[in-house]
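Values quoted throughout were computed directly from the atomic coordinates according to the rules given, and no laboratory measurement underlies them. Everything numeric here is computed off the predicted structure, so don't read it as measured data. Reconstructed Cβ throughout: ideal geometry from the backbone, glycine too, with neighbour counts over all protein chains shown.
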Amino acid sequence: MTRRTVRIAMNGVTGRMGYRQHLVRSLLALREQGGLDLGDGTTLWPEPVLVGRREHALRAIAERHGIEQWSTDLAAVLADPSVEIYFDAQVTSAREEAVRQAIAAGKHIYCEKPTGTTTVGALELARLATAAGVKHGVVQDKLFLPGLLKLRRLVEGGFFGRILSVRGEFGYWVFEGDWQSAQRPSWNYRSEDGGGIAADMFPHWEYVMHELFGPVRTVQALTATHIPQRWDEQGKPYDATADDAAYGIFELEGGIVAQINSSWAVRVDRDELVEFQVDGTQGSAVAGLRKCRAQHRSATPKPVWNPDLPATERFRDQWQEVPDNGDFDNGFKAQWELFLRHVALDEPWRWDLLAGARGVQLAELGLKSSAQGRRLEVPELSL
């Protein structure tokens, strides 16, 4: 077995997502399993090169995990010809310029979303990467969740018949930071720093809807800042200038109507932090992070509205659990493996920077829709 090393500049690994999901649970997990078997007698061995602004944080992570190289000099790392891939998990406002530099240096690009702060900027990254001939991808992790993989199985198997609607609920209560520390960084709640739940979550919903049900054709949204003051990591109060809740209605190709609520100011009364209910002429399903339950047309009960009597049926008991029928790996790691195979073997890949630009576009149009109080068309993007 031949081992091929691929060096990956990882920018933003001092943050929660970059560190836990991309470094520890993806690339380091691949190393722990002996590398990525390419199936041709070659094992791909990922070698992270940590990049960031905080020297002490980078050094601590490198020492903790036995990583040899780290740097606060992005330009120097990009100038190193042995580095093949640039990965970006920085704050959104810093991503676009860094990705531009990496494209100019001839690196393959893999980055978190949103890929830019504007549709124009995100689309330009896709055009630059395509013109440079580098491979490029954007993280679309929710497609690899066990619950949504089971939901995809139902869609592709024709379980629903004609799909009518999709309803999504996402969110949880993020503490304000005064009497309990917040679960999310303070920049998420400042629009001047690229924060806001629409900018964060609408790109997710775009690729979920696009991949499973069809392209988004119109959007009508209402955003809100329900908690106007929060406390930062140093315990200092600050004005929350970004939206912490976004309520969207999306019309998809083929007439499917999707309604998705996203909120960091909601208390959870669901089985999981995100759930999607899909209703079709032949059946319905509810999918979360890990589980998926289905109800076929032939097994649908016949409820009758009667507010004078207590309900005699336990409606949740009338759904059937969709079986795993396989093993599910960490979603971030699963997509990393596909991207690495795309780089090494030129295997098919469709989650590129153009797909990332569609997510930015939907977020931008959602915010515009809320500001103008009207429904907007979603034009198709192209390079």
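Across the chain, the fraction of Cα-Cα pairs farther apart than 26 Å, rounded to a whole number, is 56%.
Distant-in-sequence amide contacts of residue 71, defined by a placed amide H-H separation under 5 Å and a gap of 5 or more residues or a different chain, comprise 50, 51, 52.
A viscosity of 1.306 mPa s and a temperature of 10 °C, combined with the Kirkwood radius over C-alpha pairs in the Stokes-Einstein formula, give the range 245-341 a diffusion coefficient of 94 µm²/s. Pairs from the list 142/333; 113/236; 113/150; 113/135; 113/142; 142/291 with a Cα-Cα gap above 19 Å: 113/236; 113/150. Using a Gaussian network model of the chain in which every pair of alpha carbons under 10 angstrom is joined by a spring, one finds that among 271, 141, 244 the greatest mean-square fluctuation is at 271. In the chain, a dipole from Cβ-located charges (positive for Lys and Arg, negative for Asp and Glu) runs towards its positive end, and of 344, 273, 320 it is 320 whose Cα lies farthest in that direction. Across the range 25-36, rounded Karplus estimates of 3J(HN,Hα) from the backbone phi angles (6.51 cos²θ - 1.76 cosθ + 1.60, θ = phi - 60°) give 8, 10, 6, 5, 5, 5, 5, 5, 8, x, x, 9 Hz, Gly and Pro being marked x.
One Cα centroid belongs to the range 22-52, the other to the range 95-151; the line between them spans 20 Å. Peptides 250-257, 70-77 ordered by packing proxy, namely the average of other Cβ atoms within 10 Å per residue, highest first: 250-257, 70-77. Residues considered: 206, 321, 364. Largest GNM mean-square fluctuation over the chain, using C-alpha springs under 10 Å, is found at 321.
According to the Cα-based calculation, Rg over Rh for the range 314-383 is 1.17, with Rh computed by the Kirkwood formula.
Where does the charge balance sit around residue 124 when Lys and Arg score +1, Asp and Glu -1, over other residues with C-beta under 11 Å from its C-beta? Neighbour charge sum, excluding residue 124 itself: +1.
Cα-Cα pairs above 19 Å in the range 7-59: how many percent?
Values: 429 of 1378 pairs.
Everything past 19 Å amounts to 31 percent.
Taking the centroid of alpha carbons for each part, the range 245-268 and the range 341-364 are 23 Å apart. Result for the chain in a Gaussian network model with C-alpha springs under 10 Å: among 114, 310, 215, the largest mean-square fluctuation is at 310. Summed over qualifying helices (DSSP H, 4 residues or more, each -39500 (n - 2.57)) and divided by its residue number, the chain shows a 222 nm mean residue ellipticity of -9000 deg cm²/dmol. Compare the Cα positions of 48, 61, 26 along the charge dipole of the range 1-157 (+1 at Cβ of Lys, Arg; -1 at Cβ of Asp, Glu; about the Cα centre) and return the one farthest towards the positive end. Result: 26, furthest along the dipole toward the positive end. Rounded to whole numbers, the Karplus 3J(HN,Hα) couplings from phi for the range 116-122 are x, 8, 9, 4, 4, x, 5 Hz, using 6.51 cos²θ - 1.76 cosθ + 1.60 with θ = phi - 60°, and x at Gly and Pro. What the Kirkwood sum gives for the range 21-137 is a hydrodynamic radius of 15.3 Å, with every pair of different alpha carbons counted.
Of the two radii for the range 107-210, the radius of gyration is 1.05 times the Kirkwood radius, both from the alpha carbons; that is the Rg over Rh value.
In this Cβ point-charge picture (+1 for Lys and Arg, -1 for Asp and Glu), the chain has a dipole of about 360 debye about its Cα centre.
Along the Cα-to-Cβ line of residue 33, 7 Å from the Cα, sits a label point; which residues in the range 336-366 have backbone N less than 14 Å from it? Answer for the range 336-366: 336-341.
About the centre of its Cα atoms, the range 218-285 shows a dipole size close to 200 debye [charges on the beta carbon of Lys, Arg (+1) and Asp, Glu (-1) only; nearest 20 debye].
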